[in-house]
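> Below you will find the structure I want to go over with you.
The values are calculated or read from the model by the stated rules, or taken from the named source; none is laboratory data. Predicted model only: the values in this text are computed from it and were never measured. Cβ atoms come from the backbone with ideal geometry, glycine included; neighbour counts cover every protein chain shown.
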Amino acid sequence: MLIKTLVVGQLETNCYVVTDEASLECAIIDPGAESNTILDYIEENHLRPRAVFITHAHFDHTMALPEVVGQTGGIPVYVHARELGADERSASRLRSVPDLRFYAEGDEIAAGALAFRVLETPGHTPGSVTLLCGDALFTGDTLFRGSCGRTDLGGDMELMEGSLRRLSALPGDYEVYPGHAETTTLENERRFNYYVLHANSEFPNQV
């Protein structure tokens, strides 16, 4: 499995192209902007897109969606249904794609030879999800290196803390690919991320 990070847009969103190297089938996660950058990478590497996954529907994760879908043959787009009620502009963008599908907790979605398992991780938005594929976690704006997503734009800090607890309780270690900034590991965030430690009551006397 090859994971390519494309940093796109003014908010420097991480768009990921996840590819099965044997078949060149790929999935696109969070096409936030700069559709030409995303499409050029796919064309130059002769990739075969099979699905688009949206971790949450904020504009900086969906702006390039119509162009990417339009230029890749109308491939299916997956998002949690709760995201359609979060932001009307983003919801309209999602509804404009020809093959919109909803995923939820425990679903396993195939993108060619790749399999992505859906973990519901609300907090940043009501329908935020984390996608697990192999030893990789695509956490959107839930878990960052040393931080977590904002909850003051229609989010919920209590839900966020529950999602951080859930991710930190996953057995073993994973590479963490967040919606912004650098990659990290789940073990690193268990040990050093203040928000994860606080969610797990490691700092019970602090807010």
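> Out of the residues in the range 1-26 that are of a type in the set (A, V, I, L, M, F, W, C) and in contact with a Lys or Arg (Cβ under 6 Å, 6 or more places away or on another chain), state the one that is farthest from Glu175 (Cα to Cα).
Filtering first and then ranking leaves Leu24.
> Could you list, in sequence order, the residues of the range 95-108 that are within 19 Å of Leu65 (Cα to Cα) and either among the basic types (Lys, Arg) or touching a strand residue (DSSP E or B) at 6+ places or on another chain (Cβ under 6 Å) (or both)?
Within the range 95-108, Arg95, Val97, Leu100, Arg101, Tyr103 meet the criteria.
> Sticking with this structure for a sec: Which condition number does Arg145 fail, the rest of (1) in contact with a strand residue (DSSP E or B) (Cβ under 7 Å, 6 or more places away or on another chain); (2) surrounded by fewer than 18 Cβ atoms within 10 Å (Cβ to Cβ); (3) without any contact (Cβ under 8 Å) to a residue 40 or more places away in the chain being met?
Looking at each condition in turn, Arg145 falls short on (3).
> Applying the selection to the range 124-142, what residues are within 24 Å of Cys26 (Cα to Cα) and either free of Cβ contacts under 8 Å to residues at least 24 places away in the same chain or of a type in the set (Ser, Thr, Tyr) (or both)?
Selection gives Ser128, Thr130, Thr139, Thr142.
> Take the conditions β-branched (Val, Ile, Thr), more than 29 Å from Gly106 (Cβ to Cβ) and modelled with pLDDT of 95 or more and apply them to Thr37. Does it pass?
Criteria met by Thr37.
> Further, regarding this structure: Kindly check whether there is at least one residue in the range 197-204 that is within 17 Å of Phe53 (Cβ to Cβ), part of a loop (DSSP other than H, G, I, E, B) and charged (D, E, K, R).
No; the residues of the range 197-204 include none that is within 17 Å of Phe53 (Cβ to Cβ), part of a loop (DSSP other than H, G, I, E, B) and charged (D, E, K, R).
> Going by the structure shown, is Asp156 out of contact with any Leu (no Cβ under 9 Å at 6 or more places or on another chain), among the charged types (D, E, K, R) and loosely packed, with under 13 Cβ neighbours inside 10 Å?
Judged against the criteria, Asp156 is not a match.
> Can you pull out every residue in the range 29-43 that is under 20 Å from Val79 (Cβ atoms) and surrounded by fewer than 18 Cβ atoms within 10 Å (Cβ to Cβ)?
If the condition is that a residue be under 20 Å from Val79 (Cβ atoms) and surrounded by fewer than 18 Cβ atoms within 10 Å (Cβ to Cβ), then no residue fits.
> Restricting the range 1-25 to residues that are of a type outside the set (Ser, Thr, Tyr) and touching a helix residue (DSSP H, G or I) at 6+ places or on another chain (Cβ under 7 Å), which is surrounded by the most Cβ atoms within 10 Å (Cβ to Cβ)?
Applying the filter and picking the extreme gives Cys15.
> Also, quick follow-up: Would you be able to tell me the number of residues in the range 90-102 that are over 17 Å from Pro49 (Cβ atoms) and out of contact with any Ser or Thr (no Cβ under 9 Å at 6 or more places or on another chain)?
Going through the range 90-102 one residue at a time, the tally reaches 5.
A quick yes/no check of all residues on (1) among the charged types (D, E, K, R); (2) under 11 Å from the mean Cα position of the chain (by Cα):
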{"site": "Gly70", "(1), (2)": "no, no"}
{"site": "Arg101", "(1), (2)": "yes, no"}
{"site": "Ala111", "(1), (2)": "no, no"}
{"site": "Thr121", "(1), (2)": "no, yes"}
{"site": "Gly146", "(1), (2)": "no, no"}
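> Restricted to the range 161-178, and to residues that are in contact with a Gly (Cβ under 8 Å, 6 or more places away or on another chain) and closer than 18 Å to Ile54 by Cα, which residue is surrounded by the most Cβ atoms within 10 Å (Cβ to Cβ)?
Here the answer is Ser163.
> Continuing with this model, one more query. For the range 93-141, give me each residue that is surrounded by 19 or more Cβ atoms within 10 Å (Cβ to Cβ), in contact with a Cys (Cβ under 8 Å, 6 or more places away or on another chain) and part of a strand (DSSP E or B).
Ala111, Leu114, Phe116
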